[in-house]
Amino acid sequence: MSKAELATAYNPQEHEQLIYTTWEQAGFFNPDNLPLEHTEPFAIMMPPPNVTGVLHLGHALENALMDTMARFQRLRGKKVLLLPGTDHAAVATQARVEKNLIESGKHTNPRQELGREKLLEVIREYAENSKSHIITQIKRMGTSCDWDRLAYTFDEQRSQAVTTLFKKMYDDGLIYRGYRVVNWSVTGQSTCSDDELEYTERTAKMYTFKYSKDFPITIASTRPETKLGDTAVAVHPSDPRYQQYVGKTFTVDVGAQKPLTIKVIADPHVDRLLGTGALGVTPAHSHIDYELYESRKGTADEIALTQVIGEDGCMTEAAGSEYAGLTVEAAREKFVHYLRDNDLLEQEEEITQNVGTSDRFGDIVEVVPMTQWFVAVNKDIPGRNKTLKDLLREAVTTGHKGDNNQKVAITPDRFEKIYLHWIDNLRDWCISRQIWWGHRIPAWYPPQNSSTQTDSQPEIYVGTQPPADTWKQDADTLDTWFSSGAWTFSTLGWPAQTKDLTDFHPTQWMQMGHELVFFWMARMILMSTYALDQLPFHNVYIHGLLRDEHGRKFSKSLKNGIDPIELSDKYGTDALRMSLLIGISPGNDSKFYEEKVEHWRNTINKFWNIARYILMNVTEIKRIPNQPPAQTLADEWILAEFDQLITDTTEHFANYQFSLAGEKLYEFTWSKLADWYIEIAKVEKNKDEILLFILEKLLILWHPFTPFVTETIWKQFETNELLMVQAWPSTMHSQTIPATFTKIQTIITSLRNARAQAKAPPGKVIPATITTQDSTELVTNNQAIIEQLARVNLTISNQPYTGQHISCIEHDYELYIPVTDTVKQALDTVKQSLQNYIAALEKKLANEQFVAKAPKEVVTQEQQKLTEAQEKIAKMV
RNA sequence: GGGUUCAUAGCUCAGUUGGUUAGAGCGCAUCCUUGACGUGGAUGAGGUCAGAGGUUCGAAUCCUCUUGAACCCACCA
């Protein structure tokens, strides 16, 4: 093989594009093309980025995580499938496009002005653009995903899965159409689920008042205008203050056209100590009040429901003609005025409260009753004697179907608790949206029923095609998370029973940000355990959020966003990946700034130069399959260190401790291999085999993190194989790191230190003497190394030294170099700290308890430390 | 109201099941064009691990409380 010709500095721009193309052409991103020995499947489904725009740093982090894991597993011989995709992201995308249209000044109300088909076309075009951009970006990140299996939540295959799933759940009675209160975004003119609410704090006024003079109970509210829709007052069953009124119905005049009919009911959920201890019940505009209403339906205690706020966010006729058409704010003001004028207002108090706003449209969400589609989470699944909630719980507690081996392991495990708590509070999931961008609800109504939606039981047909042409499809679309929930199996061909499904489901590993635990992780568990009777994945790794250097979120409004592609251009993708992965721990947010990328660019360049040195200096570039024998102490040391590195790296990767794996690799490569062994190799010579052996395996170990630079260097070995499918190195486990080498290192460092203190010019060779009472063999054997690395001319003796020189003591050796005052001073400081150290150790060992109770090896260890320190100081005095 | 996480060198962060004289990077100081690398090399300064108690022979690590920061959840009437 010819000698290497490599540039003095690594330039990622020159190589990355080419390397990615090489990989794509080789076909190993597709598991079907992997060499036959890759048998055990390992699947990771990429969380599909929303087609709302370009990828940000968070996506870069996810790609780095997934690809590092995928490459590690592939190198370990797994049949790896990393399946890429994008998400149509229903509301998010439509909201974005509408916003763009309005901001561009072309439209003021895109839905009205364009109509359904035309608007959908605009959104589709936007989404397609965004998709191709995203795919380019994923490739830039080096992600080794199978482009043959590229999926989109809104493509035909996935739509079929969604329809099938919907029908299956409908037939099982788990999806129903019903009239219930929902969260309504007036701006978006659509429902949203509880999880799509973002709570923001604001100050509000709490009003304490009576409906009328002759009504005996005082209530409180921050939304007095909704009280026009009250139909009951709830009190605690054993509250003596109100017991006499329970069961009675009052007709109260609230100054509106129609008087209210208020029934006093008793309910144990009422907190006697909160507020006035009595709760004005507004079934139409509060989730909890609705439950009070629903649980009494059909009983003697039944209460009514009056909707006073409409879909337009204004008061309805039911609020009375004086109020109808007013905005809620205006109605509130008017009603409070009335209360004040009639002396009914007892108290006004400023409080801070959390209000739910729509995460996509931003407006405060109104609770209104409507006919919508829901997933019933508390209903028994036919033939399984379990509810969807039960399935959700089982997956992380007892294991699916009580099987401990079918358990989703969450890293870090604290998210288990958060997840379970979420299940406890979970209500039926509203899945219908009134936006247009999304999977159309596969339900059909006969022509005559189309306008009378509030009828309790309209005729419904659920399926792909209507029973007759005259039937009309439901106008609504599905919550985007309904399709995302099926992602782990819709991507593998379900509902068809494909080979992919058999091979790769349940998937092995999934990573996501903690904000998606409820939205997505939970929904995937729900869908998969329900539809496939399988877990969606065995392991979930939850990563934190990336923040800027000040700890703020990256956001458009703060304009603090950093484009990952720009960083990739400037520093290389490998450096970007490292900067994202090192220094993070599962579940915790981390700060990101450009200096990190710069540091890793430097590290990669260092690695490049290590390879360059080795490849340019060996007589022949060749692969060394087996560990070469050690000729010297240094050889023995580096081989043992390398063996340990393999063990550590493997373990850390397998435990998802990416940061630790990276730190170990970094430390070995720079601080051990480059700083010591290569420098020694220049003195000892003839180390071609060991250097090549280590380089080759080290390329493999780094490859999951830094695929581009490692594959580029690998080309110098001139094999026709690719690095990405080499075998992960195995360890010998039998090698111990020789402590004697550490002594040589310490001697060298000590001599360098002494030189620096003596102000000896770095290039100048100075005389030094080493004396020892023990054998001089170790020092003699490594004399050349010490002389070269410490730049000294060495005299070795086993006789006490008598000259006019200053000493420092390391292990059993006394080191002497020519005396200067600065060295004396430095030596005094060392002596002082050594004395403190000895004192601490003596105290510890004098403690009988310690000697009695601590494990023997710890005591011996401490004793040894003391002896060493004492000997050292004895020689210094 | 309930819950979670975090607090370690000037800055950003590691520190796996309690046993190191507590580590790294950046920054800082002194010095070095020794032909792999100045995107480099050598050496060094800098920390009572937020505070107070406790458990233990032994705590940055476990427990309790306090202080400060961030976040999640909830039917705050």
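The values are calculated or read from the model by the stated rules, or taken from the named source; none is laboratory data. The structure presented is a predicted model; accordingly, all values stated were derived computationally and were not measured. So basically every Cβ, Gly included, is an ideal-geometry build from the backbone, and we count neighbours across all protein chains shown. The protein model used for the area step is the full one, side chains on, heavy atoms only, and it has no ligands, DNA or RNA in it. Shrake-Rupley method; radii C 1.70, N 1.55, O 1.52, S 1.80 Å.
Based on what the data block shows, is A:I265 open to solvent by less than 10 Å² (accessible area, probe 1.4 Å) and farther than 20 Å from A:L345 by Cβ? It is true that A:I265 is open to solvent by less than 10 Å² (accessible area, probe 1.4 Å) and farther than 20 Å from A:L345 by Cβ. Among the residues of segment A:540-584, those that are in a strand (DSSP E or B) and within 12 Å of RNA strand B (Cβ to nearest atom) comprise A:I542, A:H543, A:L546, A:R547, A:K553.
To keep it simple, each residue is scored yes or no on (1) modelled with pLDDT of 95 or more; (2) within 21 Å of A:I525 (Cβ to Cβ).
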{"residue": "A:R340", "(1), (2)": "no, no"}
{"residue": "A:I351", "(1), (2)": "no, no"}
{"residue": "A:V365", "(1), (2)": "no, no"}
{"residue": "A:I381", "(1), (2)": "yes, yes"}
{"residue": "A:G402", "(1), (2)": "no, yes"}
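How many residues does segment A:1-10 hold that are surrounded by 12 or more Cβ atoms within 10 Å (Cβ to Cβ) and not aliphatic (A, V, I, L, M)?
Number satisfying all stated conditions: 2.
Restricting attention to strands (runs of 3 or more DSSP E) lying wholly within segment A:173-232, give those where 1 or more residues are within 38 Å of the chain's Cα centre (by Cα). Even if it seems obvious, please write down each step before you answer.
Values: elements: A:175-185, A:190-192, A:197-209, A:219-221.
Once the strands (runs of 3 or more DSSP E) in segment A:173-232 are filtered for at least 1 residues that are within 38 Å of the chain's Cα centre (by Cα), what remains is A:175-185, A:190-192, A:197-209.
Does A:I604 satisfy the condition of being farther than 22 Å from A:S730 by Cα and in contact with a helix residue (DSSP H, G or I) (Cβ under 9 Å, 6 or more places away or on another chain)? It is true that A:I604 is farther than 22 Å from A:S730 by Cα and in contact with a helix residue (DSSP H, G or I) (Cβ under 9 Å, 6 or more places away or on another chain). Each residue in segment A:2-35 was checked for being at pLDDT 95 or above and away from RNA strand B (no atom under 16 Å from the Cβ), and 19 pass. Which one of A:S185, A:S132, A:S190, A:S212 is over 22 Å from A:A531 (Cα atoms), small (G, A, S) and without any contact (Cβ under 8 Å) to a residue 40 or more places away in the chain? It is A:S132. Considering only segment A:493-513, I want to know if a residue exists there that is assigned to a helix (DSSP H, G or I), touching a helix residue (DSSP H, G or I) at 6+ places or on another chain (Cβ under 7 Å), without any contact (Cβ under 8 Å) to a residue 40 or more places away in the chain and surrounded by fewer than 23 Cβ atoms within 10 Å (Cβ to Cβ). Scanning segment A:493-513, I find at least one residue that is assigned to a helix (DSSP H, G or I), touching a helix residue (DSSP H, G or I) at 6+ places or on another chain (Cβ under 7 Å), without any contact (Cβ under 8 Å) to a residue 40 or more places away in the chain and surrounded by fewer than 23 Cβ atoms within 10 Å (Cβ to Cβ), so the answer is yes.
Residues checked against (1) among the small types (G, A, S); (2) out of contact with any Ser or Thr (no Cβ under 6 Å at 6 or more places or on another chain); (3) under 20 Å from A:F705 (Cα atoms):
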site	(1), (2), (3)
A:E14	no, yes, yes
A:G77	yes, yes, yes
A:P84	no, yes, yes
A:A92	yes, no, no
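Say we look at segment A:409-432 and pick out the residues that are within 10 Å of RNA strand B (Cβ to nearest atom), modelled with pLDDT of 90 or more and assigned to a loop (DSSP other than H, G, I, E, B); which of these is least open to solvent (accessible area, probe 1.4 Å)? By that ranking, first place goes to A:L426.
Would you confirm, using the coordinates I've provided, whether A:D148 is on the phi < 0 side of the Ramachandran plot, in a helix (DSSP H, G or I) and within 16 Å of RNA strand B (Cβ to nearest atom)? If you could, list the steps in order and put the result at the bottom.
Details: on the phi < 0 side of the Ramachandran plot: yes; in a helix (DSSP H, G or I): yes; within 16 Å of RNA strand B (Cβ to nearest atom): no.
When the stated conditions are applied, A:D148 does not pass them.
Just to check your reading of the model, which residue among A:V618, A:V597 is over 22 Å from A:Q511 (Cα atoms) and in contact with an Asp or Glu (Cβ under 7 Å, 6 or more places away or on another chain)?
Values: A:V597 fails: in contact with an Asp or Glu (Cβ under 7 Å, 6 or more places away or on another chain).
One residue alone meets the criteria, A:V618.
If you go through segment A:833-849, how many residues are near RNA strand B (Cβ under 8 Å from one of its atoms) and touching a residue at least 12 places away in the same chain (Cβ under 8 Å)? Residues in segment A:833-849 being near RNA strand B (Cβ under 8 Å from one of its atoms) and touching a residue at least 12 places away in the same chain (Cβ under 8 Å): 4 in total. When you scan segment A:622-664, how many residues do you find that are in contact with an Asp or Glu (Cβ under 7 Å, 6 or more places away or on another chain) and either in a helix (DSSP H, G or I) or β-branched (V, I, T) (or both)? So the count comes out to 4.
Can you find a residue that is assigned to a loop (DSSP other than H, G, I, E, B), open to solvent by 90 Å² or more (accessible area, probe 1.4 Å) and either touching a Lys or Arg at 6+ places or on another chain (Cβ under 6 Å) or not hydrophobic (A, V, I, L, M, F, W, C) (or both) anywhere in segment A:14-31?
In the first step, residues of segment A:14-31 are kept if they are assigned to a loop (DSSP other than H, G, I, E, B); the result is A:27-30.
This time we only want the ones that are open to solvent by 90 Å² or more (accessible area, probe 1.4 Å), so: none.
No, every residue in segment A:14-31 fails to be assigned to a loop (DSSP other than H, G, I, E, B), open to solvent by 90 Å² or more (accessible area, probe 1.4 Å) and either touching a Lys or Arg at 6+ places or on another chain (Cβ under 6 Å) or not hydrophobic (A, V, I, L, M, F, W, C) (or both).
Scan segment A:43-51 and give yes if some residue there is of a type in the set (S, T, N, Q) and touching a Phe, Trp or Tyr at 6+ places or on another chain (Cβ under 8 Å), otherwise no. Walk me through how you get there before you give the answer.
Filtering segment A:43-51 down to residues of a type in the set (S, T, N, Q) leaves A:50.
Now drop any that are not touching a Phe, Trp or Tyr at 6+ places or on another chain (Cβ under 8 Å), which leaves none.
No, segment A:43-51 contains no residue that is of a type in the set (S, T, N, Q) and touching a Phe, Trp or Tyr at 6+ places or on another chain (Cβ under 8 Å).
Would you please name the residue that is nearest to A:Q508 (Cα to Cα), looking only at residues in segment A:381-408 that are among the basic types (K, R) and either touching a Pro at 6+ places or on another chain (Cβ under 8 Å) or assigned to a loop (DSSP other than H, G, I, E, B) (or both)? Steps first, please.
Step one: filter segment A:381-408 for residues among the basic types (K, R), giving A:384, A:386, A:389, A:393, A:401, A:407.
Okay, now just the ones that are also either touching a Pro at 6+ places or on another chain (Cβ under 8 Å) or assigned to a loop (DSSP other than H, G, I, E, B) (or both), so A:384, A:407.
Values: A:R384: 26, A:K407: 11 Å.
Looking at the filtered set, the residue picked out is A:K407.
Could you list all residues from segment A:617-641 that are open to solvent by 20 Å² or more (accessible area, probe 1.4 Å) and within 13 Å of RNA strand B (Cβ to nearest atom)?
At the first step, the residues of segment A:617-641 found to be open to solvent by 20 Å² or more (accessible area, probe 1.4 Å) are A:617, A:619-620, A:622-623, A:625-627, A:629-633, A:636, A:641.
Passing the criteria: only A:N617.
If a residue has to be within 54 Å of the chain's Cα centre (by Cα) and open to solvent by 80 Å² or more (accessible area, probe 1.4 Å) to count, how many in segment A:754-773 make the cut? Looking only at that region, the number is 3. Of the candidates A:K764, A:K743, A:K715, the single residue that is assigned to a helix (DSSP H, G or I) and over 23 Å from A:D635 (Cβ atoms) is A:K715. The number of residues in segment A:561-570 that are β-branched (V, I, T) and at pLDDT 90 or above comes to 1. You will find that of A:L526, A:L558, A:L532, A:L545, the residue that is at pLDDT 95 or above, of a type in the set (A, V, I, L, M, F, W, C) and either touching a Cys at 6+ places or on another chain (Cβ under 6 Å) or surrounded by fewer than 19 Cβ atoms within 10 Å (Cβ to Cβ) (or both) is A:L532 and no other.
Looking only at residues that are touching a helix residue (DSSP H, G or I) at 6+ places or on another chain (Cβ under 7 Å) and among the polar types (S, T, N, Q) in segment A:473-490, which one is nearest to A:Q434 (Cα to Cα)? Among them, the one singled out is A:T477.
The residue that is least open to solvent (accessible area, probe 1.4 Å), counting only those in segment A:585-616 that are near RNA strand B (Cβ under 6 Å from one of its atoms) and under 15 Å from the mean Cα position of the chain (by Cα), is A:S590. Within segment A:123-146, can you find the residues that are open to solvent by 50 Å² or more (accessible area, probe 1.4 Å) and either in contact with a Pro (Cβ under 7 Å, 6 or more places away or on another chain) or more than 22 Å from A:F72 (Cα to Cα) (or both)? Matches in segment A:123-146: A:R124, A:E125, A:Y126, A:E128, A:N129, A:S132, A:H133, A:T136.
Could you tell me which of the residues A:S807, A:S797 is farther than 23 Å from A:D635 by Cβ, open to solvent by less than 50 Å² (accessible area, probe 1.4 Å) and at pLDDT below 75? Give the steps one after another, and end with the answer.
Values: A:S797 fails: at pLDDT below 75.
The conditions single out A:S807.
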